[in-house]
Amino acid sequence: MKVPEQRETIDTELPQRPDASSARRPWSGITVQIHHWHAAGEAFSAAQDHDILAMRYAGHANLEQRRLGRMHRGIVVPGNLGLHPRGVESRWRWDRPGSIVISRIPTRMLEEASAHLLRHDAEEVILRNCFGARDPYVEAILNLLAQELALPAHPIQPLIAEHLSCALAAHLVHRFNANASHLAAAGGSLHPNALSRVLDFIHGSPDAEITLADLAQIAQVSRFHFSRLFKRSTGSSPMAYVERVRMLRARELLSVPNTSIASVAALIGFSDQSHFGRRFKLYFGTTPSNYVSQLTDREDQPN
């Protein structure tokens with residue numbers, strides 16, 4: 001049983017193309033772009049139909065920003081945030097090299113987060129214009145997304161990206177929404193029948209691409225609540241649970257004589273064998289090749 005994937009991504013770019021972009025990967029949710037500026041320069045973003053959250057990723061600079069008729073000058077260091085509401089033009093000018101992460105948030109994602117996190121029907125989500133803000137939670141999420149973008153594609157990436165996107169959207173609605181209201185109380189766990197359906201799907205699809213939207217739809221709950229409910233029910237996040245199932249499947253496949261490590265990595269969705277080896281060692285304390293060697297040694301021992 002494969003639930004149709006609800007992929008939402010934004011392909012918009014600055015006039016200067018990014019050095020890396022999640023729009024070229026099968027991720028859903030927030031689109032992440034990384035720019036490595038090699039010198040002083042400037043950039044312009046026309047008014048867009050989505051909100052833009054930018055974070056200084058490396059290097060410090062004197063940065064000038066212009067939005068909504070306001071101009072802001074200041075020194076930016078890694079972690080500094082700029083929030084550009086949708087429908088707003090933005091201009092930047094900087095005086096030295098450095099890197100930034102740009103996250104483009106689909107409006108529908110913010111509206112979905114608002115609908116499920118607020119106690120009553122919320123007004124339109126309008127994010128505040130911010131220059132040089134600091135938020136450790138946002139910084140941590142954007143760093144994780146940037147790190148994933150720097151890695152080779154692997155089968156858990158779409159789930160990780162969607163999980164982090166939902167968490168970021170919910171936090172923006174909570175902290176940066178000009179129309180914020182009281183947050184809904186959180187509690188409970190997945191209904192046993194829903195949990196059973198989700199686990200059956202995960203264990204029955206060890207080589208399939210699984211997204212947070214898939215699992216939430218199977219459980220018939222909002223994806224903004226699903227991760228919390230799943231963790232309360234299993235003690236593990238959805239992405240950690242899915243990856244462990246894949247690793248257990250890999251170990252099982254490696255136990256079959258004459259099975260190559262490369263074929264096992266590909267079967268469970270890893271395009272990079274070295275990355276598969278690192279994840280396997282993290283779970284089982286040994287590399288795939290050492291694991292196969294140990295099995296061969298046991299078989300060669302006399303009874």
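Treating the Cα atoms of the chain as identical point scatterers in vacuum, please give the log10 of the normalised Debye intensity I(q)/I(0) at q = 0.07, 0.11, 0.12 Å⁻¹, two decimals. After summing over all Cα pairs, the log10 values are -0.33, -0.75, -0.86. Among Gly204, Ser263, Val77, pick out the residue whose Cα is farthest towards the positive end of the charge dipole of the chain, where Lys and Arg carry +1 and Asp and Glu carry -1 on C-beta, about the Cα centre. Ranked along the dipole, the leading option is Val77. Between the Cα long axis of helix 273-284 and the first principal axis of the chain there is an angle of about 70°, rounded to the nearest 10. Annotation: amide H of Glu89 within the under-5 Å range of Ala47, Leu68, sequence separation 5 or more or interchain, hydrogens built in the peptide plane. Taking other C-beta atoms within 10 Å as the exposure proxy, Met71, Met55 rank Met71, Met55 from fewest upward. Helix 223-234 and the long axis of the chain differ in direction by around 40°, with both axes built from C-alpha atoms. Taken as Cα centroids, the range 219-245 and the range 33-71 sit 35 Å apart, rounded to the nearest whole angstrom. Helical content alone sets the calculated 222 nm signal of the chain at -13000 deg cm²/dmol, taking -39,500 (n - 2.57) per DSSP H segment of four or more residues and averaging over every residue. Using only side-chain charges placed at the Cβ, +1 for Lys and Arg and -1 for Asp and Glu, the dipole size of the chain relative to its Cα centre rounds to 640 debye.
Note on the range 10-150: Cα convex hull, mean projected area over all directions, 8.4 nm².
Across the range 247-300, the fraction of Cα-Cα pairs farther apart than 18 Å, rounded to a whole number, is 21%.
Only the coordinates and a few stated rules stand behind these numbers; no lab work does. On a predicted model such as this, the values are computed, not experimentally measured, just so you know. Counting neighbours? That spans all protein chains shown, and the Cβs are built from the backbone with ideal geometry, glycine included.
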